[in-house]
Amino acid sequence: MIGLAAGTTVPLDSADMLLRNYSAVGVLAGPDKDPDVEAAVWSRLTRLAAEQTITTPVGTVHSFIDVPDMIAGQGAPGPGKSVVRVAG
């Protein structure tokens with residue numbers, strides 16, 4: 001994960017990325033001062049997700065009641081994101 005909270009960018013080494021087989025993706029993670037810009041960003045992200053242009057691999061799905069066990073097992077989680085189902 002790369003953030004700009006400190007106000008600086010992080011240089012990326014494309015050769016290292018190639019040899020170690022990883023990628024970097026830019027994501028807007030904070031609110032914009034202009035609500036129209038914010039709405040446009042979320043609209044585009046929603047469209048890209050619907051088109052499956054961007055995806056998040058799901059590793060496991062847990063019931064809300066199982067959250068304490070899920071958290072306890074996070075020491076060595078498997079691949080993909082852990083998802084908590086909070087409704088139906």
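Read-outs: derived from the displayed coordinates by stated rules, not from any lab. In this text, all values refer to a predicted model and were calculated from it rather than measured experimentally.
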Taking amide hydrogens as modeled 1.01 Å from N in the peptide plane, which residues meet the under 5 Å criterion relative to residue 84, leaving out close sequence neighbours?
62
Stretched fully, the stretch from residue 41 through residue 9 gains (0.36 nm per residue minus C-alpha distance, one decimal, in nm) 9.4 nm
